[in-house]
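Down below is the structure, laid out as structure tokens.
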Amino acid sequence: MKKTLFSIASILLLSFNATAQEVEFEEYDLDNGLHVILHQDNTAPVVTTAVMYHVGGKDREDGQTGFAHFFEHLLFEGTENIENGKWFEMVSSNGGTNNANTSQDRTYYYEVFPSNNLELGLWMESERMLHPIIKQDGVDTQNEVVKEERRLRYDNSPYGQFLFAISEQLFEKHPYKDPNVGYMEDLDAASLEDFKAYFDKYYKPSNAALVVAGDIDIAKTKKMIQDYFGPIPSGPKLERSYPEEAPITEAKRTQFYDSNIQVPAILTAYRTPGYGDHDAYVLNMISSYLSDGKSSKLYKKMVDEKKQALQIGAINLEQEDYGMYIIYGLPLGETSLETLLEGMEEEIAALRNDLISESDFQKLQNKAETNFVNSNSSVEGIASTLATDYMLYDDTNLINTEIEIYRSITREEIKEVANKYLKPNQRVEVEYLPKKEEK
């Protein structure tokens, strides 16, 4: 009976995807190089205006880390026509919400407004691009904000630095070795001219994509975009060159100490391909197989059955140049970190040596279908996906075709990719330990 219900659910899900997931959009470039993507959805009177800049934590000179994340905050300070400190008030008083986020590869700003305030959203983002006020008092204010964020989210948060502990071991040359948030001493040492030069280099139309999604009239929206963004100067042509990393051929073991924890952890990480590589999609499926839900292999074995782990997980952290495949575990009771590492390796070795079962493979396919549906379930989510697919994958229509990539993956490919990237000699191992009090 359970098998019958499962099959029916699968058929219904596949049928839904076949008819409900096509996202229509139009894209074009302004003369200044700004890439524009429009998605019309008149089912609700809401519109998202978003700008993604192709600048992130990796875009820095030595001694100037964290600038992109810093600008995520600084560019809310105010503009020539938006009074200092009034950005959020202006958005909320007009029925909207807004936010921004920065990764190692890009920075994303967005507003969600009632559709009758579309023009306001476009004007505000054009102001951010054309007329930001970058002054010393604003830099000083945001420097304190960033410091507090770092203390709250990373330095004083249990396990908050685990990604730093991995990236500094996984990369020797590429700027991914440094935290996206940067080092506070670099921000303290930066001059006002340093910040202005960084803005002039990266925050220009030719290095950005504008997405407008929701309850819009296409012709009117194009006219407003031209009016507000068309006159903005293009900016310099960017020449990007990041150092390549030599392959990891011998496992490296190290320790990292965190004064905020009492339970240690074991972290393993492998360097993997970046966005858009077919193998990265396979690695996503491997992560789901190992640790997505209580029936996943690592959870069922090490948490449920053997009672060895308090927490266990596998993450394929995708980035533009290199990905990071991370497996982590927190021991339960007297379990040693070595025991956890051995258990992790047993499951990875099984992937390298044998094909996963047909039933497990079907579960992975169904999860991929579900994730695809959820990712495009809101206009806000669609806007983010369109920007990301254009900028980091170089294929805006991936929003419609990505599911076909997952559907094309085979059990044989899962075994092949595990053998290609997830061997013991290709990883770093980090013992993430409580910091002992100094006597």
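So here's what we get for this one:
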quantity	calculated
Percent breakdown of C-alpha pair distances by 10 Å bin, ordered from the shortest bin, for segment 133-187	22, 43, 27, 8
Relative contact order (percent, whole number), the chain, Cα cutoff 8 Å, 6+ residue spacing	21 percent
Sequence-distant lysines (8 or more away, or on other chains) whose Cα lies within less than 26 Å of LYS363	LYS2, LYS3, LYS294, LYS297, LYS300, LYS301, LYS306, LYS307, LYS415, LYS420, LYS423
Projected area averaged over orientations for segment 315-368, convex hull of C-alpha atoms, nm²	5.6 nm²
Segment 296-369 versus segment 97-171: alpha-carbon centroid distance in Å	32 Å
Per-residue ³J(HN,Hα) for segment 154-161, Karplus 6.51 cos²θ - 1.76 cosθ + 1.60, θ = phi - 60°, Hz, x for Gly and Pro	10, 5, 10, 9, x, 6, x, 10
Calculated SAXS-style log₁₀ I(q)/I(0) at q = 0.16, 0.21 Å⁻¹ - segment 151-290, Debye, Cα scatterers	-1.16, -1.32
For segment 248-344, with +1 on Lys and Arg beta carbons and -1 on Asp and Glu, the positive-most of LEU340, TYR270, TYR289 along the dipole	LEU340
Lys/Arg +1, Asp/Glu -1 at C-beta; the chain dipole; positive extreme among ILE356, TYR198, ALA387	ILE356
Dmax and Rg, reported as Rg then Dmax, of segment 238-287 (C-alpha, Å)	16.0, 46
Helix-only CD estimate at 222 nm, as mean residue ellipticity for the chain, using -39500 (n - 2.57) per DSSP H run (n ≥ 4)	-13000 deg cm²/dmol
Segment 114-205 - charge dipole about Cα centre, Lys and Arg +1 at Cβ, Asp and Glu -1, debye rounded to 20	280 debye
Calculated Rg and Dmax of the chain using C-alpha coordinates, Å	23.4, 70
Distance-filtered residues of segment 339-359 - backbone nitrogen under 17 Å, label point 7 angstrom along GLU412 Cα→Cβ	352-358
Segment 114-179, accessible surface, carbon-and-sulfur percent (1.4 angstrom probe)	49 percent
Protein accessible area in segment 224-322, 1.4 Å probe - carbon and sulfur %	47 percent
Simple Cβ-charge dipole of the chain, Lys/Arg +1 and Asp/Glu -1, about Cα centre, in debye nearest 20	1360 debye
Dipole magnitude (debye, nearest 20) for segment 337-439, charges at Cβ of Lys, Arg, Asp, Glu	120 debye
Burial ranking of peptide ranges 206-214, 139-147, 30-38 (average Cβ count within 10 Å, highest at the top)	206-214, 30-38, 139-147
Largest to smallest principal axis extent of the C-alpha atoms in segment 240-355, angstrom	48, 38, 24
Bins of 5 Å from zero: percent of alpha-carbon pairs in segment 372-433	4, 14, 15, 14, 12, 15, 15, 10, 2
Per residue accessible area in Å² of the chain, where ligands, DNA and RNA are left out and the probe is 1.4 Å	46 Å²
Percent accessible area from carbon and sulfur atoms, segment 339-439, protein chains only, probe 1.4 Å	45 percent
Under 29 Å from the Cα of LYS196 - lysines, other chains or at least 8 residues apart	LYS58, LYS86, LYS135, LYS147, LYS173, LYS177, LYS204, LYS237
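The values are calculated or read from the model by the stated rules, or taken from the named source; none is laboratory data. These numbers were taken from a predicted model, which means no experiment stands behind them. Reconstructed Cβ throughout: ideal geometry from the backbone, glycine too, with neighbour counts over all protein chains shown. When the accessible area is computed, the model is the full protein with side chains, heavy atoms only, and any ligands, DNA or RNA have been set aside. Shrake-Rupley method; radii C 1.70, N 1.55, O 1.52, S 1.80 Å.
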